[in-house]
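Undergrad: One structure follows; several queries about it will come next.
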Amino acid sequence: MKSLKRSLGLLPAVAALIAGTMAAPAAQAAASPYEKGPNPTESLVTASRGPFATSQTDVSSLVSGFGGGTIYYPTTTSEGTFGAIAISPGFTAYWSSLSWLGPRLASHGFVVIGIDTNSTLDQPASRGDQLLAALDYLTQSSSVRNRVDPNRLAVAGHSMGGGGSLEAAKDRTSLKAVIPLAPWNADKSWPEVRTPTLIIGGESDAIASVGSHSIPFYNSLSNTGEKAYLELDGAGHFFPNTSDDNVAKFMISWLKRWVDEDTRYTQFLCPAPSSGLFSDFSDARFTCPM
């Protein structure tokens, strides 16, 4: 009887040990160390502003490597460093054509440098070089360099700037995310890109038609690991020039997932959004699960 009681007395300890062993994998699956902000919701990622207050500072056109621009950044100093993204406008355009993206992305916990190019006529390869020069300036010389994690950087751009973002990713494979918007480039094949890439195109784009640019670019991304193609229903070439909740939602989610390694945002990427009748999207191709 005493032996039986001793055995019964051990049951709670054995159960606790088993429970602890079973819980160990969950404990090891810690949240990303770069995770910032509240648990995301649909209303958060589509709101005109995120949870972080932001400020901005101008960059002189005399800076070396690119044509100046504007830096947007979260004002808090209690959250550690932030990932960063450089964004280029398109052919003949200035940063002002995309400037809505600056405070919007920064308000979700990123440092954003929106650049002007050395010449508005610069081609994609040059724009790619300038995006990388802007990231180097941001992390090494800018007044906000201490706010930026130099190991968590991304690029984006519109039109030739979008083509330039692919050029930048080809040249610097350490980048964490690439987001070409209505991208244009004479080069249609990008197997050199090894960075998770989100391409957003416009169904009715008559300048960089998705059939000649965005879709061939997406199909050629054979070494990125993860990639996504999103096509806005009825949109033309200049859709990035106007504030758009869908563009913001997917840009924020892509940056959060790959720059911040924040898996809380996977829910907005996988499964891919529905496309076709009664949808905002005419095509959506995502490498889910991510």
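Undergrad: Only one residue in Gly114, Gly109 is surrounded by 17 or more Cβ atoms within 10 Å (Cβ to Cβ), at negative phi and in contact (Cβ under 8 Å) with a residue 24 or more places away in the chain. Which one?
TA: Result of the check over Gly114, Gly109: Gly114.
Undergrad: Can you name the residue in region 271-290 that is under 18 Å from the mean Cα position of the chain (by Cα) and hydrophobic (A, V, I, L, M, F, W, C) and, of all such residues, is surrounded by the fewest Cβ atoms within 10 Å (Cβ to Cβ)?
TA: Top of the filtered list is Cys288.
Undergrad: Right, Arg152: buried (at least 19 other Cβ atoms within 10 Å of the Cβ), in contact (Cβ under 8 Å) with a residue 24 or more places away in the chain and within 15 Å of the chain's Cα centre (by Cα) or not?
TA: Here the answer is yes, as Arg152 does meet what is asked.
Undergrad: While we're here: Taking Val259 as the residue in question, decide whether it is crowded, with 16+ Cβ neighbours inside 10 Å, touching a residue at least 60 places away in the same chain (Cβ under 8 Å) and hydrophobic (A, V, I, L, M, F, W, C).
TA: Against the criterion (crowded, with 16+ Cβ neighbours inside 10 Å, touching a residue at least 60 places away in the same chain (Cβ under 8 Å) and hydrophobic (A, V, I, L, M, F, W, C)), Val259 qualifies.
Undergrad: Sticking with this structure for a sec: Output the residue which, of all residues in region 216-239 that are within 15 Å of the chain's Cα centre (by Cα) and under 20 Å from Gly90 (Cβ atoms), is surrounded by the fewest Cβ atoms within 10 Å (Cβ to Cβ).
TA: Tyr229
Undergrad: For residues that are touching a residue at least 40 places away in the same chain (Cβ under 8 Å) and not in a helix (DSSP H, G or I), scanning just region 89-106, find the one that is farthest from Trp184 (Cα to Cα).
TA: Out of the qualifying residues, it is Trp100.
Undergrad: Still on this structure, I have one more. Quick one: which of Ser78, Ser96, Ser60, Ser64 is touching a Gly at 6+ places or on another chain (Cβ under 7 Å) and not hydrophobic (A, V, I, L, M, F, W, C)?
TA: When all the criteria are applied, what remains is Ser60.
Undergrad: In region 126-147, is there at least one residue being surrounded by 20 or more Cβ atoms within 10 Å (Cβ to Cβ), in a strand (DSSP E or B) and within 20 Å of the chain's Cα centre (by Cα)?
TA: no
Undergrad: Any residue in region 60-78 that is aliphatic (A, V, I, L, M), more than 22 Å from Arg145 (Cα to Cα) and part of a loop (DSSP other than H, G, I, E, B)?
TA: Checking region 60-78: not a single residue is aliphatic (A, V, I, L, M), more than 22 Å from Arg145 (Cα to Cα) and part of a loop (DSSP other than H, G, I, E, B).
Undergrad: Pick out the one residue from Pro89, Pro103, Pro150 that is of a type outside the set (Asp, Glu) and within 24 Å of Ser209 (Cα to Cα).
TA: Pro89
Undergrad: Find the residue count for region 172-200, including only residues that are more than 21 Å from Val148 (Cα to Cα) and surrounded by fewer than 23 Cβ atoms within 10 Å (Cβ to Cβ).
TA: Selection size over region 172-200: 7.
Undergrad: Taking the stated definitions as given, is Arg104 under 19 Å from the mean Cα position of the chain (by Cα), within 15 Å of Glu167 (Cα to Cα) and surrounded by 21 or more Cβ atoms within 10 Å (Cβ to Cβ)?
TA: Taking the combined requirement at face value, the residue does not satisfy it.
Bear in mind that the values in this text are calculations on the coordinates, not laboratory data. Small disclaimer: the values here were computed from a predicted structure and weren't measured. Positions of Cβ are backbone-derived with ideal geometry, glycine not excepted, and every protein chain shown enters the neighbour counts.
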